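The values are calculated or read from the model by the stated rules, or taken from the named source; none is laboratory data. Remember, predicted model here, so these are calculated numbers, not experimental data. Every residue, glycine as well, gets a Cβ built from its backbone with ideal geometry; the counts of neighbours run over all protein chains shown.
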Number of protein chains: 2
Amino acid sequence: MGQTQAALNLMPQPAQFTVGEGRLLIDGGFQVALTGVKEPTVEAAVKRMIARLSNSTGIPLTQALATEPAKATMVVQCGRLGGVVQKLNDDESYSLEITTQQAHLSAATTLGILRGLETFLQLVDLDAHGFGVPAVRIEDRPRFPWRGLLLDVSRHWMPIEVVKRNLDGMAAVKLNVFHWHLSDDQGFRVESKVFPKLQQIGSDGNYYTQAQVKEVIAYAHERGIRVVPEFDVPAHTSSWLAAYPALGSGPGPYEIGRHWGVYEPTMDPTREYTYRFLDRFIGEMAALFPDEYFHVGGDELNSAEWRGNRRIQAFMRHRRMKTAADLQTYFNQRLVRIVERHGKKMVGWDEVLRPGLPKDVVVQSWRGPQSLAAAAQQGYRGILSAGYYLDLMQPASQHYQVDPLGGAAAALSEQDQSRILGGEACMWAELVTPMNVDSRIWPRLAAIAEKLWSPKTVTDIDSMYQRLAVVSRQLEFIGLAHRSSGWLMLKRLTGPHPADSLARFDEVLEPVKGYAREKARQYTSLTPMNRLVDATLPESDAARQFAVLAADWKTNANEIERRLAEWRDSAINLLPMTKENALLEEQASIAENVRGISQAGIEALTYLRSDKAAPADWVKRQLDLLDTAAQPNAELLIVIVPSIRLLVQTAQAAQP
Amino acid sequence: MGQTQAALNLMPQPAQFTVGEGRLLIDGGFQVALTGVKEPTVEAAVKRMIARLSNSTGIPLTQALATEPAKATMVVQCGRLGGVVQKLNDDESYSLEITTQQAHLSAATTLGILRGLETFLQLVDLDAHGFGVPAVRIEDRPRFPWRGLLLDVSRHWMPIEVVKRNLDGMAAVKLNVFHWHLSDDQGFRVESKVFPKLQQIGSDGNYYTQAQVKEVIAYAHERGIRVVPEFDVPAHTSSWLAAYPALGSGPGPYEIGRHWGVYEPTMDPTREYTYRFLDRFIGEMAALFPDEYFHVGGDELNSAEWRGNRRIQAFMRHRRMKTAADLQTYFNQRLVRIVERHGKKMVGWDEVLRPGLPKDVVVQSWRGPQSLAAAAQQGYRGILSAGYYLDLMQPASQHYQVDPLGGAAAALSEQDQSRILGGEACMWAELVTPMNVDSRIWPRLAAIAEKLWSPKTVTDIDSMYQRLAVVSRQLEFIGLAHRSSGWLMLKRLTGPHPADSLARFDEVLEPVKGYAREKARQYTSLTPMNRLVDATLPESDAARQFAVLAADWKTNANEIERRLAEWRDSAINLLPMTKENALLEEQASIAENVRGISQAGIEALTYLRSDKAAPADWVKRQLDLLDTAAQPNAELLIVIVPSIRLLVQTAQAAQP
């Protein structure tokens, strides 16, 4: 068993596995028998698995739930009933043994069965004999118990379908926490019956009813996913204060935020009204959300309103508080008692980590791995999100190299390390809509999911990318739109013209990284997200593959030339469209650059094949052009620039 | 006003229009004001329109429902309230006037507003100034009052999502009747509370609950679509008889049908039990389905059971009935009284047209236009479906040339013609699944919809195809999967390899036509529908465009060569996959043929450019190859064969 074998087509890789001989065929006779405890969740999961298998193979499997284990293709054996509410540290382990005759999945709990069914589905492929799964023996369990995705539904509203299909995707890669960022300056997204103005005034009409919240929680529970709600206080609360201005520290009036960034509106921590309000509100939400954890945010406090309010200043002086952070600590100490009175454990962003914070608060680190290590050393449990921000458009490989126990945490004692519960990827929604959000989450989230589930030793980036391509295709069959809606967005841009050529062009582009887009122009929640940069994928597979080709031009010259010619032609096709289409106008100079550097690469190949060094003036012109093309333009980067620069430099250095 | 102007980007074309000067811009300030009667259906429709406009442009329109008509971009004025139940002949007319300042949509009824909103959405496009609609004045109304789609959900089960998205598509092209073929030999698809074994035994668990039926009816009603249920009797009833064998004319036992074709199991029209059953059943369904029409099928009776039943034979002798048709007429006479007692008007397939059929039965003609004309002449109202069978994989142009008042009906008196209510496209489900059904319906249904709505003079096929491409893309934004799920099916076929090359290859193919697939192999409802032929589109746009190029090789030589090279290369790429993939194995010889004839076309161009006639032996070899390639293979046709044959023949004839 172990990691020395070739990786299976699985993401995340299992803890332990041994590949056997042969395959178990999957055809119209596929049947699953359930043994062990009778558990409706397991039966429902098996039915979903059968439906997905039917969908991904095209084989009708209407009669696949069998009664006789001896005759079944697959036997599913569940040890004991799962809890009504999933808990942190619930057993998720399972065993899956596949022979050429039968697959046998067993687990102590429902959760393990859910994880094992996903493994089985990922193993299905098609060869010369038809669909099947390889003979294999897998013993699997997660490395970390808290493996999550935060979805911000405040800055851009995400309808329930978006949430559900992403829960399906999370389950497919064995994530187990959906962190639902439900309120922020730009919108309050849950129906409160106690304080209905929250959604009436704070949401622009875009919020989840309590029935929908229950529906999502049940949907997640069926897939082995806990739902942790976040109501971010005392800052990030413009939408609350628009509805209930008496909660604010300033004179008001307040309104829903439209721009991005850190706002001044902040709850007033010095008035008892605030705590009475939060007590009733958290009481209502604690009953709605069954999870034992409750996230109160606590990040990015702008103290302007506190500084400008005499009563608050007097309150601080009276209590000998020197800084806003001291006042926030006071607020948190009161808040944690409210949260606990309603039976919940509190989670907060790492700003809450201040002297006096009760030890049972869980700290979510977004500012860096140091705060996570610091928290663990001080006895707090923690979750890593720094390094897992999907909205920053970094490549999967970069996230893949972030380990919750890496960096400062690597030096911790084993006991301190054990307080690091895992991590959460974050999908902040400044620049996403329901149409492109899947493409910003997937497939990169699968790489983070592997980091949180698989053994620490699973680190091979090439293997990760190989398997990521497979899981990405599987996620399309689950219903995620990370590829299909990109096509729609390109079709929107090309109007009556076919979008194929723009898709080819778009292959060599990536959106600018980090917070560069928000610096490039003044975005608000009303800005249309319909430009090419909104459709462009965060990471260009074509550019990564091209870099491999360019590194060995002698072997790959023809293929390099073919691709460069395609990109050049796609740029030439695009140029006339930039004149007749308001949304593509900004692509004119990018298209010129792609055309130019593709041509440069082709010419470099000509010099290389001729075995003569390229003339110095030609080289200079191409390097100048590459420098120009390397600049961000319309918030896009041309990411084949380094590979073409390599070709030009190699042509320059060629020895006759 | 009128038809001499260039067609607008609309499908169906409106009855009358005048194009004005300039455009009305659509940006983030877009607002709609409602005037006229307060009607929740209209307000809901406007909200959906705004959401779709936002989706298709990417512009956030969260505050677009305005109160002041003077400031609104669009004013919607509805004359009077719509009925609770939509009726045949309800007024669907509307006026839409768009200036550079404002759009004004007015209609006497809700239905007209619904139609006009779809027109407005279809007009939206993108130019150098952004999104907008042209200034235009439209006066529109349908040519026929009954414009439908039949969806067979019995032979292959179609979940409610499939139904809903197709209702959205129907509304977009102004169809107004959803004919829901709910029972057949292969499955009974509605929950009956009176006779629950119908769904318990007759459906394999795949049926609509009554709550879901109501949901679909409400969804359709909101979109101006009547729902006409069909429960096909007395034949096509294996699934009923499996549940209630006492209804049958044979000894039983009966079971759900798995194969296709005409079955023997038939209800016994000689026993009172049958009529008591149908009376109670139709009573239940008449209450569930509010439409005034109720379809009882009546087609394809196989009289074997009647002939083999002594009691039935005695009954016929006693009543001096000579043929099975006489007995069916007796059954229909009793049936129509039952249907009418429950407040409905009966619709049946054209087999019901026999002496003695009450005149208020509506006859749906599937066997040919003659029966429609005959029915009209005899005083029956009729609906045309012959010529509109989407499952036969004919090109849109072929359906487009079928006019309900063409053929035999053209010779009828005006009064007789007025009994021809319209037509219905039929999507029979022997060879479709939820995954590919949209691609068999769309976009071809839009061409049929135009035939049923637009003036008789709208017949230009080139214009139709041009506009069909636009509406097809719009239908993708509505949520139809006619393009996206084809991609998924190709990805299923290529497994770990990219599907682009297979998509290119697939461009030159079409499924065999008519009933040729069912003759090619023994299909059943359990046959996987996962081969290339299941993904291949009914009509190849690429081949149609290539035929235009090939007809003028001198002008298009370079483009012809480029395309042929792409197809040849796609075939070469496919060949290795056919050896390692059980589903692509059957493509080996098709790939050889596509490779060979593409090469033949390229060589023909070489001869043509050389101005020398191609050698006779070369010509003979190519024509032989083309004859081979023209044969159906794996239920597919290579549809560029005629164009390449033309190139070869032109090269043969070239004069030096």
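All but one of (1) within 14 Å of another protein chain (Cβ to nearest Cβ); (2) among the hydrophobic types (A, V, I, L, M, F, W, C); (3) free of Cβ contacts under 8 Å to residues at least 24 places away in the same chain; (4) out of contact with any helix residue (DSSP H, G or I) (no Cβ under 6 Å at 6 or more places or on another chain) hold for residue A:565, so report the exception by its number.
(3)
Return the residue satisfying two criteria in turn: it lies in the stretch A:617-632 and is of a type outside the set (D, E, K, R) and surrounded by fewer than 19 Cβ atoms within 10 Å (Cβ to Cβ), and of such residues it is farthest from residue A:514 (Cα to Cα).
A:618
Which ones in the stretch B:508-537 are under 21 Å from residue B:186 (Cα atoms), within 12 Å of chain A (Cβ to nearest Cβ) and among the charged types (D, E, K, R)?
B:534
For the stretch A:309-345, give me each residue that is in contact (Cβ under 8 Å) with a residue 60 or more places away in the chain and assigned to a helix (DSSP H, G or I).
Residues satisfying the conditions are A:312, A:328, A:330, A:331, A:334, A:335, A:338, A:341.
Can you say whether residue A:592 is in a helix (DSSP H, G or I) and within 14 Å of another protein chain (Cβ to nearest Cβ), as far as the supplied structure shows?
no
Please go through the stretch B:434-461 and give me each residue that is in a helix (DSSP H, G or I), within 14 Å of chain A (Cβ to nearest Cβ) and over 12 Å from the mean Cα position of the chain (by Cα), ordered by number.
Result: no residue meets the conditions.
Residues to consider are B:90, B:27; find the one that is of a type outside the set (A, V, I, L, M) and in contact with a Leu (Cβ under 8 Å, 6 or more places away or on another chain).
B:90
Out of all the residues in the stretch B:352-409, which are farther than 20 Å from residue B:465 by Cα and of a type in the set (Ser, Thr, Tyr)?
Passing the criteria: B:365, B:371, B:380, B:385.
Residues in the stretch A:351-372: is at least one among the hydrophobic types (A, V, I, L, M, F, W, C), in a helix (DSSP H, G or I) and over 30 Å from residue A:461 (Cα atoms)?
Yes, some residue in the stretch A:351-372 is among the hydrophobic types (A, V, I, L, M, F, W, C), in a helix (DSSP H, G or I) and over 30 Å from residue A:461 (Cα atoms).
Before we move on, is residue A:545 within 14 Å of chain B (Cβ to nearest Cβ), polar (S, T, N, Q) and surrounded by fewer than 20 Cβ atoms within 10 Å (Cβ to Cβ)?
It is true that residue A:545 is within 14 Å of chain B (Cβ to nearest Cβ), polar (S, T, N, Q) and surrounded by fewer than 20 Cβ atoms within 10 Å (Cβ to Cβ).
Results for (1) within 14 Å of another protein chain (Cβ to nearest Cβ); (2) over 21 Å from residue A:136 (Cα atoms), shown as yes or no for each residue.
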{"residue": "A:11", "(1), (2)": "yes, no"}
{"residue": "A:14", "(1), (2)": "no, no"}
{"residue": "A:22", "(1), (2)": "no, no"}
{"residue": "A:27", "(1), (2)": "yes, no"}
{"residue": "A:53", "(1), (2)": "yes, no"}
{"residue": "A:88", "(1), (2)": "no, yes"}
{"residue": "A:96", "(1), (2)": "no, no"}
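Taking residue B:36, is it of a type in the set (Gly, Ala, Ser), at pLDDT below 95 and surrounded by 20 or more Cβ atoms within 10 Å (Cβ to Cβ)?
So residue B:36 does not fit the description; no.
Of everything in the stretch B:197-232 that's out of contact with any helix residue (DSSP H, G or I) (no Cβ under 6 Å at 6 or more places or on another chain) and part of a strand (DSSP E or B), which residue is nearest to the other protein chains (Cβ to nearest Cβ)?
Taking the candidates together, the pick is B:208.
Could you check the stretch B:502-518 and list, in sequence order, the residues that are part of a helix (DSSP H, G or I) and either surrounded by 21 or more Cβ atoms within 10 Å (Cβ to Cβ) or modelled with pLDDT of 95 or more (or both)?
Selection gives B:502, B:503, B:504, B:505, B:506, B:516, B:517.
Could you tell me which residue of the stretch B:468-501 is farthest from residue B:121 (Cα to Cα), considering only residues that are more than 8 Å from chain A (Cβ to nearest Cβ) and of a type in the set (Val, Ile, Thr)?
Ranking the qualifying residues of the stretch B:468-501, first place goes to B:494.
Confirm whether residue B:147 is of a type in the set (Lys, Arg) and away from every other protein chain (no Cβ under 14 Å).
It is true that residue B:147 is of a type in the set (Lys, Arg) and away from every other protein chain (no Cβ under 14 Å).
Please list, ordered by residue number, the strands (runs of 3 or more DSSP E) wholly in the stretch B:124-196 having 2 or more residues that are within 18 Å of residue B:291 (Cα to Cα).
Answer list for the stretch B:124-196: B:146-152, B:177-184.
Could you check the stretch B:373-390 and list, in sequence order, the residues that are more than 18 Å from the chain's Cα centre (by Cα) and either surrounded by fewer than 23 Cβ atoms within 10 Å (Cβ to Cβ) or outside any helix (DSSP H, G or I) (or both)?
Of everything in the stretch B:373-390, those that are more than 18 Å from the chain's Cα centre (by Cα) and either surrounded by fewer than 23 Cβ atoms within 10 Å (Cβ to Cβ) or outside any helix (DSSP H, G or I) (or both) turn out to be B:374, B:377, B:378, B:379, B:380, B:381, B:382.
Which condition breaks for residue A:635 when tested against (1) within 14 Å of another protein chain (Cβ to nearest Cβ); (2) under 30 Å from residue B:57 (Cβ atoms)?
The one condition residue A:635 does not meet is (1).
Can you pull out the residues in the stretch B:418-433 that are away from chain A (no Cβ under 14 Å) and of a type outside the set (S, T, N, Q)?
B:419, B:420, B:421, B:422, B:423, B:424, B:425, B:426, B:427, B:428, listed by residue number.
Given the condition free of Cβ contacts under 8 Å to residues at least 60 places away in the same chain and in contact with a Ser or Thr (Cβ under 9 Å, 6 or more places away or on another chain), answer yes or no: does some residue in the stretch A:538-547 qualify?
no
Of everything in the stretch B:121-144 that's within 24 Å of the chain's Cα centre (by Cα) and of a type outside the set (Lys, Arg), which residue is farthest from the other protein chains (Cβ to nearest Cβ)?
Taking the candidates together, the pick is B:144.
Output the residues belonging to the stretch B:55-86 that are within 14 Å of chain A (Cβ to nearest Cβ) and either assigned to a loop (DSSP other than H, G, I, E, B) or farther than 20 Å from residue B:101 by Cβ (or both).
B:55, B:56, B:58, B:59, B:60, B:61, B:62, B:63, B:64 - these are the residues of the stretch B:55-86 that are within 14 Å of chain A (Cβ to nearest Cβ) and either assigned to a loop (DSSP other than H, G, I, E, B) or farther than 20 Å from residue B:101 by Cβ (or both).
Please count how many residues of the stretch B:573-589 are in contact (Cβ under 8 Å) with a residue 40 or more places away in the chain, over 31 Å from the mean Cα position of the chain (by Cα) and not in a helix (DSSP H, G or I).
The total comes to 1.
Hey, any hits in the stretch B:174-181 for a residue that's surrounded by fewer than 22 Cβ atoms within 10 Å (Cβ to Cβ), touching a residue at least 24 places away in the same chain (Cβ under 8 Å) and among the hydrophobic types (A, V, I, L, M, F, W, C)?
no
Of all residues in the stretch B:469-501, which are part of a helix (DSSP H, G or I), within 25 Å of residue B:424 (Cα to Cα) and touching a Lys or Arg at 6+ places or on another chain (Cβ under 8 Å)?
Answer for the stretch B:469-501, where residues must be part of a helix (DSSP H, G or I), within 25 Å of residue B:424 (Cα to Cα) and touching a Lys or Arg at 6+ places or on another chain (Cβ under 8 Å): B:472, B:473, B:476, B:477, B:478.
Working carefully through the options A:42, A:46, A:37, find the one that is of a type outside the set (Phe, Trp, Tyr), within 21 Å of residue B:204 (Cβ to Cβ) and more than 14 Å from chain B (Cβ to nearest Cβ).
A:46
Taking the options B:570, B:540, name whichever one is over 26 Å from the mean Cα position of the chain (by Cα) and more than 10 Å from chain A (Cβ to nearest Cβ).
After applying the criteria, what remains is B:570.
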